[in-house]
Amino acid sequence: MTKKLNTSNAAARFARLADAVEREQKAVERTEIIPVDSIVINQDNIFSSNDTEESIAELAKNIAENGLLHNIVVAETEPGKYLLISGERRTRAVKYLGRDKIKATIRSDLSELEILKMLFFANSETREYTTEEKIYIIGEFQEKLRHFDDTSEKEAVKKFREYVAQAFNINERQASKLISINSELTEPLKKLLYTDAIDINTAAALAQLPAEYQSYAADIIKRCDVDTALVFTKQAKSIISRINSVLVKNRTARIYHSRRLEKAREELSVIANDTEEKNSPEELAEFIRQKLCAEKSIEKYKVTISQLDEAIQLETQKQHDEVKALYENIISSTGKKADEEETDAVLSRKIISKEVRAADNAIKRLLDISPSEELKEIQRLLEKYKDSLE
């Protein structure tokens, strides 16, 4: 017989449940006006490195005119004490105005990992970053995540690509490229990326090469062009793939024979430690036979491993030689053997030009905040210097 559902007082029960959920949610997140002095700046905030006194003054002026448009976000570490998650610039701007209180969204019962994730998301979503800044932030955040050891947090670390995608509002494929560039791309190529000599897609492709071959690619870019470097990358990867099929086979065989060698050594150890007295010629003969057999197996595996090591070394050297020959052929076929000083000079000009543009933008912001003849003269000199670089 089907049990009849008792609907009496259901509305009241659901209402009580809703009230309990609302109370719990309020306990986890609430909005209050709190003393500025009760807020501790988060030392894990890797986003504040580019904040200047001028930018804080500009924000303070905006807050004075329009009010605080967005609450800061804090984690309550103990009653009346808060760790800042999002809003360091706003907090500093409020202090700049001489105010002692600020409106905050307060989060309770957060783990260290949850605080770190919120810090990462909240700040990256509210700011615009250059490619260089994004890669730096990814590296710093990834390093901080390595400190979390328990199983659940290790699982969260594996979702790092998702974190990056969400934080910078990009798809996971783009996030993978940034992560790869951060961890795999060599510094010379990163410098080319940051000066716009190469784009993110090119940088991600080059990051797939071993560091030694990336140096060839960097030189090809300086001496020739990016397209030629990408041709080199494609052909180098083909060489690596072809030789790697042999290397994988030899390395797999080496692992197998290493395990067999370890097992043979264990067997010999058991035989050698057999102190039981041999009472008959047959028992003694069997003991000697087993010992010799184990020793013979050990020697056989050691020889095989040595041969495999030699084969791996030869194939690896063959790969290096082929990629180097490919690089040299590309350089010689272009007919562009610019000396190192000339190529470095071109790169230096690009770096200087980028820094001058950044300085020019900063001066323009300062002029908006506090116009002066001195700043106008500096801007005029920067414009003149920019023209000389072009």
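The values are calculated or read from the model by the stated rules, or taken from the named source; none is laboratory data. Everything quoted here is computed from the prediction, not taken from an experiment. Ideal geometry is used to build each Cβ from the backbone, glycine not excepted, and the neighbour counts take in all protein chains shown. Note: areas computed on protein heavy atoms with side chains; ligands, DNA, RNA excluded. Shrake-Rupley method; radii C 1.70, N 1.55, O 1.52, S 1.80 Å.
Here are a few things to note about the model shown:
- Residues that are open to solvent by less than 60 Å² (accessible area, probe 1.4 Å) and among the hydroxyl-bearing types (S, T, Y) were ranked within the stretch 222-243; the one that is farthest from S332 (Cα to Cα) is T233.
- Residue tally, condition closer than 15 Å to R260 by Cβ and either open to solvent by 40 Å² or more (accessible area, probe 1.4 Å) or within 32 Å of the chain's Cα centre (by Cα) (or both), over the stretch 296-329: 7
- The stretch 227-284, residues that are touching a residue at least 24 places away in the same chain (Cβ under 8 Å) and small (G, A, S): A229, A236, A253, S258, A264
- Positions within the stretch 97-138 being open to solvent by 30 Å² or more (accessible area, probe 1.4 Å), at pLDDT below 85, of a type outside the set (A, V, I, L, M, F, W, C) and outside any helix (DSSP H, G or I), in sequence order: D109, S111, T126, R127, E128, Y129, T130
- When restricted to residues that are in a helix (DSSP H, G or I) and surrounded by fewer than 19 Cβ atoms within 10 Å (Cβ to Cβ), the stretch 206-218 contains 3.
- Taking the stretch 71-85 as the range and being touching a residue at least 24 places away in the same chain (Cβ under 8 Å) and open to solvent by 10 Å² or more (accessible area, probe 1.4 Å) as the test, the residues that pass are N71, V73, E76, T77, G80, K81, Y82, L83.
- The set of residues in the stretch 220-251 being more than 14 Å from V323 (Cα to Cα) and within 27 Å of the chain's Cα centre (by Cα) consists of I221, K222, V226, D227.
- Residue match in the stretch 248-267 (condition: over 24 Å from D309 (Cα atoms) and in a helix (DSSP H, G or I)): yes
- The set of residues from the stretch 179-203 being open to solvent by 10 Å² or more (accessible area, probe 1.4 Å) and among the small types (G, A, S) comprises S180, S183, A197.
- Segments classed as strands (runs of 3 or more DSSP E), wholly inside the stretch 1-96, with at least 1 members that are over 30 Å from E133 (Cα atoms), aliphatic (A, V, I, L, M) and modelled with pLDDT of 85 or more: 29-35
- When the stretch 253-287 is filtered for residues that are open to solvent by 80 Å² or more (accessible area, probe 1.4 Å) and among the β-branched types (V, I, T), the ones remaining, listed by number, are I255, V270, T275.
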